[in-house]
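Shown next, in structure tokens, is the structure this report addresses.
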Amino acid sequence: DQQVKQNSPSLSVQEGRISILNCDYTNSMFDYFLWYKKYPAEGPTFLISISSIKDKNEDGRFTVFLNKSAKHLSLHIVPSQPGDSAVYFCAASAFLRAGGTSYGKLTFGQGTILTVHP
Amino acid sequence: KAGVTQTPRYLIKTRGQQVTLSCSPISGHRSVSWYQQTPGQGLQFLFEYFSETQRNKGNFPGRFSGRQFSNSRSEMNVSTLELGDSALYLCASSSTGSGANVLTFGAGSRLTVL
């Protein structure tokens, strides 16, 4: 039972345009969501997060939107750059409910390969 | 400051053998988590250690075990290896000061079981 799903295995975007990566979750206990980026031969690196008390969080070119009723979140990258080409993972946790005792426990999606063409 | 260091980076084992992987977290980080990444299953949580105690555990068989030492370094062990254990094993560390679930991952240990 996959609790976090990224239904698009890949996405191709032109440099300068917007990249939109989507993620759906089924577990209503999840209250904290994160996006990680992974390059080949490296571990995932943290990009941006959002808690369930918000519906939007921005950090530079990256914005994450959360729609709790639809159990859906998305990552927007504007403008996209060739260096953004990587695998993007959506992750979720019940961090707030766990009272801070699950710092390391995340449920990841399968990942979306983003390719940004010059 | 130094990142999360995992050793060895690559290893090859045969079915039935056991393997031990090592992880040195970022200095000051007391939480260490382990994940298995496979093409079919993505990144799956194995377990988390905090102050030498296992705090959370994923849905893996008992062949997968781990421990954490007083200096926060961690090891994970897989006994009686199966072909399906071939994967990238990722270690991550975090601290209460870095924000919820903001894990810093190592580059991983690539295990191949023949």
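The values are calculated or read from the model by the stated rules, or taken from the named source; none is laboratory data. What you see is a predicted model, and the numbers here were worked out from it, not measured in a lab. Because the Cβ atoms are built from the backbone with ideal geometry, glycine has one as well, and the counts that use them run over all protein chains shown.
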Worksheet item: Being surrounded by 13 or more Cβ atoms within 10 Å (Cβ to Cβ), more than 8 Å from chain A (Cβ to nearest Cβ), touching a residue at least 60 places away in the same chain (Cβ under 8 Å) and touching a helix residue (DSSP H, G or I) at 6+ places or on another chain (Cβ under 9 Å), is that true of even one residue in the range B:53-70?
Response: no
Item to complete: Please state which of the following conditions A:Ile20 fails to meet, knowing it meets all the rest: (1) closer than 22 Å to A:Pro82 by Cβ; (2) of a type outside the set (Phe, Trp, Tyr); (3) away from every other protein chain (no Cβ under 14 Å); (4) touching a Lys or Arg at 6+ places or on another chain (Cβ under 7 Å).
Response: (4)
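I'd like the full set of residues that are surrounded by 13 or more Cβ atoms within 10 Å (Cβ to Cβ) and either of a type outside the set (Asp, Glu) or touching a residue at least 40 places away in the same chain (Cβ under 8 Å) (or both), limited to the range A:40-52.
Passing the criteria: A:Gly43, A:Pro44, A:Thr45, A:Phe46, A:Leu47, A:Ile48, A:Ser49, A:Ile50, A:Ser51, A:Ser52.
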Fill in: Residue count for the range A:36-56, restricted to those that are in a strand (DSSP E or B) and either of a type in the set (Ser, Thr, Tyr) or under 16 Å from B:Asn101 (Cα atoms) (or both)
9
Worksheet item: Taking into account only those residues within the range B:22-35 that are crowded, with 23+ Cβ neighbours inside 10 Å and not aromatic (Phe, Trp, Tyr), which is modelled with the lowest pLDDT?
Response: B:Ser31
Practice prompt. Show the residue pairs that are 6+ apart or on different chains and have beta-carbon atoms under 6 Å apart, the first residue being within the range B:25-42 and at the interface with chain A (Cβ under 8 Å from one of its Cβ atoms) and closer than 11 Å to B:Ser86 by Cβ, the second being among the β-branched types (Val, Ile, Thr) and surrounded by fewer than 16 Cβ atoms within 10 Å (Cβ to Cβ).
Written response: none
Fill in: So A:Phe62, is it in contact (Cβ under 8 Å) with a residue 24 or more places away in the chain and either among the basic types (Lys, Arg) or within 9 Å of another protein chain (Cβ to nearest Cβ) (or both)
no
